1. So, in nm, how far is label E79 from label A360 when the simple model puts each one 7 Å beyond its Cα toward the Cβ?
2. For the range 22-32, just list the computed ³J(HN,Hα) in residue order, Karplus coefficients 6.51, -1.76 and 1.60, θ = phi - 60°, integers in Hz, with x standing in for Gly and Pro.
3. List the residues, sorted by chain then number, that are 5 or more residues from A164 or on another chain and whose placed amide H is less than 5 Å from its amide H.
4. Compute the label zone of D221 within the range 171-209: residues whose backbone N is under 19 Å from the point 7 Å along Cα-to-Cβ.
5. Any idea how many Lys pairs in the chain come in under 13 angstrom at the alpha carbon, given 8 or more places apart or on separate chains?
6. Relative contact order of the range 1-118: what whole-number percent is it, with Cα pairs under 8 angstrom and at least 6 residues apart?
7. Where does each of V297, V127 land when they are ordered by accessible area, with a 1.4 Å probe and the largest first?
8. Quick check on the chain: helices-only [θ] at 222 nm, where DSSP H runs of length 4 and up contribute -39,500 (n - 2.57) each and the sum goes over total residues. Nearest 500, please.
Amino acid sequence: MTELTSQEQATLDAIAAATSLDALEEQRVAALGKKGWVSLALKTLGQMSPDERKEAAPAIQAVRAKVADALDARKAALEAEALEAQLASETIDLTLPAPDMPKGSIHPVSQVMDELAEIFADLGFAVATGPEIEDDWHNFTALNMDENHPARAMHDTFYFPDAAPDGGQMLLRTHTSPVQIRSMKDQGAPIRLIAPGRVYRSDSDATHTPMFHQVEGLVVDKGIHLGHLKWTLETFFKAFFEREDIVLRLRPSYFPFTEPSVEVDVGYSNEGDRRVVGGHGDDDGHDWMELGGSGMVNRRVLEMAGVDPDEFQGFAFGLGIDRIAMLKYGMNDLRAFFDGDPRWLAHYGFSPYDQPTLSAGVGARP
Ligand code: PHE
């Protein structure tokens, strides 16, 4: 029995001193394993007399329980220590700047579309969309250009070879104006929307690409007049270019779907090799850039879209998004917009964190 007590003490000491799970396992095998000293002691019970056994059995079982408990406790402690160490070694400092990795960017056209939506939302305009594959009726006829209208020829239209189910021609929309028709037919009047998107014309040089972007604007309500159009354009451009000294020039013009029609130019000057709008007098180095067309919606267009022209009037405008992007962010070749060159995108693109908001500014610089 005394031998058992000293063995027990030695084992408990060794367990307490164990610094690894392996060392602990060694102690377990030496004590409780098949040939461990506790197991051997238990085997001796068989050769004892009943009286001896009565006394020895509980003592040996008590030693066994003590050793097993000590092993469990030490094991739990060692595992907790290991976890602590692992957590300490895997700490991440979230305040460190992210490593410099190649990253994508937001294309200036996308950025400007977000800026447009932000500014016009503040003026109560919703954002509408329409199909890029359009039919003849929405793109032309409903906009007061019937089949023989000469203005159709101005649009360098891409036509599809197959006719639409209703017999009309399908085409790539040449402007965003068909969204006026679709929206009025869907929602009726009053209505206040912008419709940004891609448009297509068979045309290509430094300032024209076969695909480009427009934003359509449409307001239809009672008592709308040209003054509302002028105020809206001026308010928009001041917010967009983030300066008060914007000079707009409205020129009489012609579109079949507006009457009267007004072309919108903005004054700009060259500062260095950048085009900068506003802030110039009549000195040299300043010029006008045409940004789009506008006017009062033609009565015939309201009628064809199901709106009563005796009750409602409207104004509409169509602006070239790529052009206003070039003016704001200083690019001078439109074709580079669509080359997908990562160097151009890295230079002119925007961070995804650069969300245009009226509170933080819609004029983030790349
Ligand atoms: N749709 C015309 C174009 O692309 C622009 C425009 C829109 C003019 C709305 C007047 C009113 O040339």
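1. The answer from the label model is 4.6 nm.
2. Calculated HN-Hα couplings, in order: 5, 4, 5, 4, 4, 5, 5, 4, 5, 9, 9 Hz.
3. Hits under the 5 Å cutoff: Q169, M170.
4. What the label zone holds, given the 19 Å backbone N cut-off, is 180, 183-185, 187-195.
5. 4
6. For the range 1-118, the relative contact order is 25 percent.
7. Output order, biggest surface exposure first: V127, V297.
8. Mean residue ellipticity, 222 nm, calculated: -12500 deg cm²/dmol.
The values are calculated or read from the model by the stated rules, or taken from the named source; none is laboratory data. On a predicted model such as this, the values are computed, not experimentally measured, just so you know. A quick note on method: Cβ atoms are made from the backbone with ideal geometry, for glycine too, and the neighbour counts reach across all protein chains shown. These area figures cover heavy atoms from the full protein model, side chains too; ligands, DNA and RNA do not enter into them. Shrake-Rupley method; radii C 1.70, N 1.55, O 1.52, S 1.80 Å.
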